[in-house]
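See structure below.
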């Protein structure tokens, strides 16, 4: 198959690009040339700006594709442009949406692909929902060959799961307090990008995927307390946890709060039977305990990666002090 990735060198997409080439696909990556990660050997690069239709047309030339994967669309105008650009150029268009589009808070778990899409807390999620709705309309109206994919919290060796990243690990190693939202018992799903890649590549050129939506996640569910303790163990230390309500955190940092209230505050686990039925090879096999060791090995291999955000660090101290003093009343 001849496949185009729009993007293709991000946290999730980089593993998919590597597996695509390993699987014998003829892979093209459309990007502006500023790559956060190297392209896999054997992939072809097309230089163009997906936000500029003329730039994309020049980059694509006469190319036709069996499948196009859109990794970096976030708004309906971007989807409109893609429909125009790829209507007659591909047999399948895969849109990378987000599992944060599911009903928040969820009325029942585990989430399935038929779970209502509704997130009143996070604009990012509402924009993804609008993108999905436009693609569904395009499928109904003109049989635009879309497939919707909803990752949840997917990571690679460079990504720690908590807001603040290495700043939080640094606090752990110094014996200082770290914040876990709520009471730490809500369940979360972390998926290694190499596991995700098996599901995504299995959907390419798959006739059962056209007009359908899939989430692709691990079956492992962990509480946020467990996640912090696993990271601490991988870092060779312990986590001194303070539990603070998400709305209290939101009062100090609305950006962090939006991600908590619109996503991480609520337990979220997934029924992966649909992707397993359509892609029998998919089965997430990397537990987070192993993934966390990989992440910390990457950070510890180069001190330059151990960046501490002084502003975020100070804000954590401020939130903890305010909460423990009872102001405002917790």
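A short reminder: the numbers here are calculations on the coordinates, not readings from a lab. No experiment lies behind these values; they were computed from the predicted model shown. Neighbour counts are summed over all protein chains in view; Cβ atoms, including those assigned to glycine, are modelled from backbone coordinates with ideal geometry.
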key: Net length gained if the chain between residue 41 and residue 109 were fully extended (0.36 nm per residue, minus Cα distance)   = 20.4 nm
inquiry  = Can you give the FRET efficiency to the nearest 0.05 for residue 310 and residue 233, using r as the Cβ-Cβ distance and R₀ = 25 Å?
reply    = 0.45
16 Å reach of a label modelled at residue 75, 7 Å along Cα-to-Cβ, counting backbone N of segment 123-142 = 123-132, 134
request  = Would you mind telling me the antiparallel percentage of the DSSP bridges in segment 142-241, rounded to 5?
outcome  = 20 percent
inquiry  = Tell me the Kirkwood radius of segment 151-251: reciprocal of the mean inverse pair distance over distinct alpha-carbon atoms, in Å.
reply    = 15.4 Å
task = Please determine, in degrees from 0 to 90 and to the nearest 10, the orientation of helix 224-234 with respect to the longest principal axis defined by the Cα atoms of the chain, where the helix direction is its Cα long axis.
result = 90 degrees
query = Measuring from centroid to centroid over Cα atoms, what is the spacing of segment 241-299 and segment 46-85 in Å?
reply = 30 Å
request  = Quick one: give the max-minus-min coordinate of the C-alpha atoms of segment 269-330 along each principal axis, largest first, in Å.
outcome  = 53, 38, 17
query = Rounded to the nearest 5, what is the percent of antiparallel bridges among the DSSP beta bridges in the chain?
reply = 10 percent
inquiry  = Rounding to the nearest 10 and keeping the result within 0 to 90°, find how far the Cα-based axis of helix 13-22 lies from the longest principal axis of the chain.
reply    = 50 degrees
ask   = Hey, what angle do you get for helix 123-142 against the long axis of the chain, alpha-carbon based, 0 to 90 degrees rounded to 10?
value = 20 degrees
task = Under 1.5 on a/c is rounded, so check that first for segment 1-70, then, if it is not, pick prolate when a/b is larger than b/c and oblate when it is not; a ≥ b ≥ c are the square roots of the alpha carbon gyration tensor eigenvalues.
result = oblate
ask   = Given 0.36 nm per residue, what is the gain on full extension from residue 2 to residue 248 after removing their alpha carbon distance, in nm?
value = 83.6 nm
inquiry  = Within a 10 angstrom radius of the beta carbon, how do 185, 14 rank from fewest other beta carbons to most?
reply    = 185, 14
task = If a/c stays under 1.5 just call it rounded; otherwise compare a/b with b/c (prolate if a/b is bigger, oblate if not). Do that for segment 1-137, with a ≥ b ≥ c from the square roots of the Cα gyration tensor eigenvalues.
result = prolate
inquiry  = Apply the a/c threshold of 1.5 to the C-alpha gyration tensor of segment 255-303 and tell me whether it is rounded, prolate or oblate.
reply    = oblate
inquiry  = Run the numbers for residue 294 and residue 130: contour at 0.36 nm per residue of separation, minus the present Cα-Cα distance, in nm.
reply    = 55.5 nm
